[in-house]
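The values are calculated or read from the model by the stated rules, or taken from the named source; none is laboratory data. All values reported here derive from a predicted model rather than from experimental measurement. FYI the Cβ positions are ideal-geometry reconstructions off the backbone, even for glycines, and counts take in every protein chain you see. Protein only, heavy atoms only, side chains kept; ligands, DNA and RNA dropped before computing areas. Shrake-Rupley method; radii C 1.70, N 1.55, O 1.52, S 1.80 Å.
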Amino acid sequence: LSAPWDDIVIQYIKCIIAMHNRKYAEAFEEHHTMVQIFQRAFSQQFGRWSLPILYTINYDLRLLAIKSDLIFMMAEKPPKNLEIAARAINKSFSLCITDRAVLNVSRKWGTYYFAGLLFKTYFKLKQQNLCKNVIKSIRASTDLPPFGQFPRAHQVTFLYYQGLLAFLEAEYSQAEEKFVTAFRMCPKSSQKNKELILRYLIPVWLTRGILPSPELLSRYPKIESLYKPFIDAIRDGNVKKFDDTLAKFELKLVAQNTFLTVELAREIAMRVLFKKVYLINIRESKVPLSKFQQALKYVGRDVEMAEVMWYMASMIQKGLIRGYLSYSKEFLVLSEKNAFPVFDAPALT
Amino acid sequence: MDKLFIKICFIREYVQRSFNEAQHNIDAVERELKIIISSKMSEGLLYETDWSKMELPQSCRPSSFLSFNQSPSDRYSFDSDECSESQKREKRAKRFQEHERINRPRWEPPVQQLDEIDVDQTIVGTCQKLEKSYLRLTSAPDPSTVRPLRILKQTLEFLKAKWVEDQNYTYICDQFKSLRQDLTVQHIKTEFTVKVYETHARIALEKSDLGEYNQCQTQLKELYRLNIPGSVMEFMAYRLLYFLYTRNRSDINALIAELTDEMKNDDAIKHALEVRSTLATSNFHKFFQLYLKAPNMGAYLMDHFIERERIAALQTLCKAFRPTLEMEFIRTELAFNDMEECYQFLNEHNSSIYILADNTLDTKNAQKSIEACVKKFEKIDIKGQI
């Protein structure tokens, strides 16, 4: 074999031997060396054709890093392999994005793959702030081919992480946009990926008052079991049930980073309740606040009048209800038209 | 480094115990100890061995030794003892003199070997002055300027009294910083250290010095992690309230994930969690009530974002209530001590002109000026976020 392939193959064999002997830390080191050799050769000689190899070895590197780090942690040693892997993947990323070759043989086509892999790694390392650098580099690059031309799989991953980053910053409209696009593009066969997208998209919808259809939920049982209780509580306007469900699933939601978002949907549940009061009150535009207080008491939330006023005021402030409050008369005066604005969501299919 | 120091202390303790058990047979004990320790070292197990459970050298077997009174605390007090190395050795030597032994050469060689392994030479201070101004260190400190633990304990009591008396924050802060520094250079990480940081943090909170408070909080987090006892719950609550001030979502989420069931039952933490949820669900009514009931020094932390929340609350009120809103409602809901304070607040935000003769607020017109103030807060937040 000619160089550099001879070195690469030797390293690979060493790595496999180590894995065979379950010496994962050693395997990782060998694999890492191989990646470095390949990267050197890649930058000097190889062109676009070798991208699939680069993809695979980086992907494997990450997996090996995770496995060997687990072993480190059990032996109470600091798990540093994933960070090393992250740096190596970052190098692959820059090698791709800074390529100057002609477009059809350019290594630029690997950019979004590595961006996705980097995001995955940074999230695992709990260093999401590093993702910003990746996005900055992409934005700064001037001659990257348009996003839509890249392989679909790369696009979906990238969109998903963009959505996730926006979600974590509570920028829900941007998050929704990214998630919806990603969901549409994601093939039906990738059940797990679609579930992941929904895991974050549904809370965003809930805060807007949009409830996913039962049909959609039935396709994804894991998502259904988590979110259906919330959706039911909101649909019924049962604020107490919502609070209880929130407490019940708190640990799980906190672990998934969605707790703070789902909590915001409480107001939507309350709005449904208030709308029911309005409807029961034969749609009169002047409603005494005591009726709302009664309704809350009925579902199990006994609160003071002042608190009811505040809930009302907050909904008016956010545009969930259109009207105004009269303090002295303790009345809600709803606007003639569209007092409870309806929100819609883009179709998912 | 601390783990190493503690392990070395165990070894020293073992040596001292052996020595104490066998004053009748010092030579043999010394020889045997040398062998034991060096054999462990060559095996590479010096720090792995549990010296507290290690069997004493054979030569320690009692024959006709004279017992003398020594309180248990003296035996193992070397790490909290304020004496310097040489003083300790003198003390030990003196004990044997009392029993008319030949003036033995001190038990030096192994101890020195241990010192060599101890890369971080731990200084023990000798300065006896209670007060000391803070000076940033640029090199290794001179022991004569460092106060030993015994003195530092007195200093803390002195400073606590002085603070109540004078309320001179610049002086107190300076003194506490030097107190913390003396603890750091002597590598003292004990319950006392925690007390010092907690006291300083509380004083800083009272004076709204968030910078100093944050420094103390960071150190306390570390110390609690090492399982040193202290007011863990109180300061966890402060941490949460601080994150509510910075509105850093990931920090808040991470902190909630950290909470154990025991913590969630603590009153201070329960309060902070309720503050969080009332803010998240825009339940201003409850939020301001919680502000009035804040435990410990929580209210001082909440002071930092109370104005921001009052403006947000006022904005909501102005948008929702028409045509006017009773000032009394505003006063009680936004937790002002009296109507004067309420007027002043509106004045500061260019809205007192909208107060009408019957003590109500013209909400429609006030809305615009309040909204302008909200924008002001948004800007500061983006910059102020850490």
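General remarks:
- Orientation-averaged projected area, Cα convex hull of region A:69-220 (nm²): 11.0 nm²
- Minimum 50 Å² accessible area buried by the other protein chains, region A:305-340 residues, probe 1.4 Å, relative to alone: A:GLU307, A:TRP310, A:GLN317, A:LEU325, A:TYR327
- Approximate spin-label separation A:MET74-A:GLU284, in nm, with each point projected 7 Å along Cα-to-Cβ: 7.1 nm
- Highest to lowest packing among B:184-191, A:16-23, scored as the average C-beta count within 10 Å: B:184-191, A:16-23
- For A:TRP5, A:TRP310, A:TRP109, A:TRP49, the ranking by accessible surface with the largest value first comes to A:TRP49, A:TRP5, A:TRP109, A:TRP310, using a 1.4 Å probe.
- Residues whose amide H falls under 5 Å from that of B:LYS189, counting only those 5 or more places apart or on a different chain, are absent, with hydrogens built in the peptide plane.
- Per-residue 3J(HN,Hα) values for region B:275-284, derived from phi via the Karplus relation 6.51 cos²θ - 1.76 cosθ + 1.60 with θ = phi - 60°, read 4, 4, 6, 5, 5, 5, 9, 6, 8, 5 Hz in sequence order (x marks Gly and Pro).
- Computed FRET value (nearest 0.05) for A:LYS136 with B:TYR171, which takes r as the C-beta separation and R₀ as 56 Å: 0.75
- Legend: residue pairs A:LYS178/B:LYS270; A:LYS297/B:LYS270; A:LYS248/B:LYS270; A:LYS14/A:LYS67, Cα-Cα distance threshold 29 Å; pairs beyond threshold, A:LYS178/B:LYS270.
- Shielding of B:310-316 by partner chains, average beta-carbon count, 10 Å: 2
- Per-residue shielding of B:318-329, expressed as the average number of other chain Cβ atoms within 10 Å of the residue Cβ, stands at 5.
- Listed residues A:ILE89, A:ILE10 arranged by accessible area, highest first, probe 1.4 Å: A:ILE10, A:ILE89
- Counting Cβ atoms of other protein chains within 10 Å of each Cβ in B:211-217 and taking the mean gives 0.
- Bridging of B:LYS375 to lysines at a Cα separation below 22 Å is possible for A:LYS318, B:LYS319, B:LYS364, B:LYS383, once same-chain residues fewer than 8 apart are set aside.
- Mean residue ellipticity, 222 nm, helices only, chain A: the sum of -39500 (n - 2.57) across DSSP H runs of n ≥ 4, divided by residue count and rounded to 500, is -21500 deg cm²/dmol.
- Residue-wise HN-Hα coupling along region A:182-197, computed from phi with Karplus coefficients 6.51, -1.76, 1.60 (Hz; x: Gly, Pro): 4, 5, 4, 6, 6, x, 4, 5, 7, 3, 4, 5, 5, 5, 4, 5
- FRET efficiency, 1/(1 + (r/R0)^6) with R0 60 Å, evaluated for A:GLU195 and B:ILE35 via beta carbons: 0.40
- Cα shape, region A:216-258, gyration tensor, a/c 1.5 rule: oblate
- Relative contact order %, region A:1-148, counting alpha carbon pairs below 8 Å whose residues are six or more apart: 18 percent
- Helix axis angle, A:81-97 relative to chain A longest principal axis, alpha carbon, degrees: 80 degrees
- Compared with the alpha-carbon gap, the fully stretched path from A:GLN149 to A:GLN45 is longer by 35.0 nm at 0.36 nm per residue.
- Amide proton proximity set for B:GLU326, modelled H, under 5 Å, gap of 5+: B:LEU361
- Summed over the residues of chain A and divided among them, the accessible surface reaches 50 Å² per residue at a probe radius of 1.4 Å.
- Carbon and sulfur %, accessible surface of region A:1-139 computed with the full protein complex present, 1.4 Å: 58 percent
- Solvent-accessible area buried by pairing A with B, both sides, nearest 100 square angstrom, 1.4 angstrom probe: 2600 Å²
- Protein-protein interface of region B:261-304, residues with accessible area decrease of at least 20 Å², isolated chain reference, 1.4 Å probe: B:LYS264, B:ARG276, B:ALA280, B:THR281, B:SER282, B:ASN283, B:PHE284, B:HIS285
- The listed residues B:ARG12, B:ARG308 rank as B:ARG12, B:ARG308 when sorted by accessible area, largest first, using a 1.4 Å probe.
- Using heavy atoms of the protein chains and a probe of 1.4 Å, the accessible area assigned to A:ARG235 is about 110 Å².
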